[in-house]
1. If you rank TRP243, TRP98 by fewest surrounding Cβ atoms within 10 Å, what's the result?
2. Evaluate E = 1/(1 + (r/R0)^6) for GLU203 and VAL45, where r is the Cβ-Cβ distance and R0 equals 35 Å; express this FRET efficiency to the nearest 0.05.
3. For a test of the definition: using alpha carbon positions, the gyration tensor, and the 1.5 limit on a/c, classify region 46-194 as rounded, prolate or oblate.
4. Please say if region 38-94 is rounded, prolate or oblate, where rounded means a/c under 1.5 for a ≥ b ≥ c the square roots of the C-alpha gyration tensor eigenvalues, and otherwise the choice is prolate for a/b larger than b/c and oblate otherwise?
5. Can you work out D for region 100-319 in µm² s⁻¹ from Stokes-Einstein, where Rh is the Kirkwood radius over C-alpha pairs, the temperature is 10 °C and the viscosity is 1.306 mPa s?
6. Contour minus end-to-end for SER275 and PHE80, with contour as 0.36 nm per residue of separation and end-to-end as the Cα-Cα distance?
7. Applying a 10 Å radius around every beta-carbon, put 266-277, 229-240, 103-114 in order of their mean neighbour count, most first.
8. Spin-label point model (7 Å from Cα, Cβ direction): what's the LEU59 to ARG140 distance in nm?
Amino acid sequence: MSTASSSAAAQAAGLGSVVEPGTVERVAGDRPRKPRTSRRWPRTVGSVIIGALLIGFSLLFLYPLVWLLAASFKPRGEVFDNRLIPETFTPQNYIEVWDQLPLLSWAANSLAIALLAATLVVLSSALVAFGFAYFRFPGRKVLFGLVLATMMLPGAVTMVPQYLIWLNLGLVGTWVPLFGANLFGSAFYIFLQRQFFLGLPRELFEAARVDGASYVGMFRRIALPLSVPSLVIIFLFEFQASWNSLQAALIYLNAGSVEGFTVPLGISYAMTKYSPTAGGQGDYQYVMVAALLVTLPMLVMFAFGQRYFVEGVATQGRKG
C-alpha cells in the first residue's frame, strides 16, 4: 500500500493526519522560533556594561579609604605623595599614635554620646510617630505638617537660640547638649517611622484593645517589635550623624580638656597640633592612623545592621 493511500485510510478511520517521516508538523498560527543566541547577546552586553560601571564606581568610592590606609603606613615626609603603595613601610605609626594622642578617650566619649543620642531619638521619634499613625484627632494633619515644616529651618537659624538655652541651664561644657535635643525626636525620623507604622495592620491594635491592652502596651508589644528594621535604620543614621558631628562638639566641648573631646574634635585638634604653622612638625601620619581607626566602628555597625537596613529600605519602597 502506498503512503498516500495509507494516509487516506488513517483519516477515514478517524486517526487524524499522519506525519510523514522526515517532516516537521507546524500548528496553525505558530511562528518559527528564532535562535536563542540573538536574544542573549544584547542581554550579555548590557550585563557587562552594568558590571563595569558598578566596578568603576566602587573603585571611585573606595579610593579615599585606600589612600588613607596607605598614608597611615608612611613616614612623615611621604604622607601626601599620593602613592597607594608606601615607598617606606612604617607600621610603627599604629603603636606610636597611642602615645601621641588620647585616642581611646576620644573614641569612648564619642561612643557614649552616639549611643545616647541614637537611643533617645529612636524612642522619642517612634513614640510621636505612633501617635500620628494610630490616633485620629482634629487637627492631626495640620500638626503633622508643622512637624515636617521644622525640617525647612536651616541649622544656622536655631544654633544661637539652642546655645543660649543650654547656657542658661548651665550645661555648656558637658555632654548633654550633644544628645539632649534628641529627647524631643526628629521631624525626619518621625515621618519615616510614621510611614512604617501606617503599613501595620490596624486590626492588630484593635484586637489588642479588645483584649484590654493599654496604648503604651500596644506601642511596646506590637508596634516596636514589628518595626525593628525601621528602628535600626534610624539608629544607624543617628549614630553616624552623632559620631561624625564636629560642629556641636566644637561649640560645647572646645573649652574643656583634650581628653574630653570627641573623635571629630580630637582629629581637628590633632591637625592643628601637628601643623607647621602652629609650631608642629607635620606628623600627619598620626592623624591618618587616628582617622582610619575611628572609621572602623561605623564599618562594623553597618556590616551587622546591613540586613535590617536593606529590609527597612525595601519595605518603605514597597509601600510607596
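1. Working: TRP243 23, TRP98 14.
Placing the least packed residue first, the sequence is TRP98, TRP243.
2. 0.10
3. Values: a/c = 3.07, a/b = 1.57, b/c = 1.96.
Taking the square roots of the gyration eigenvalues as a ≥ b ≥ c, region 46-194 is oblate.
4. Values: a/c = 4.87, a/b = 4.83, b/c = 1.01.
Judged from the Cα gyration tensor, region 38-94 comes out prolate (a/c at least 1.5, a/b above b/c).
5. Details: Rh = 19.6 Å.
The diffusion coefficient I find is 81 µm²/s.
6. Working it through step by step, the gained length comes to 68.8 nm.
7. Listed from highest to lowest mean packing, they are 229-240, 103-114, 266-277.
8. Result for the modelled spin labels: 5.4 nm.
Each value in this text was obtained by applying a stated rule to the coordinates, not by laboratory testing. Note that the structure is a prediction, hence the values are computed from the model and not measured. With ideal geometry, Cβ positions are generated from the backbone for all residues, glycine too; neighbour counts draw on all protein chains shown.
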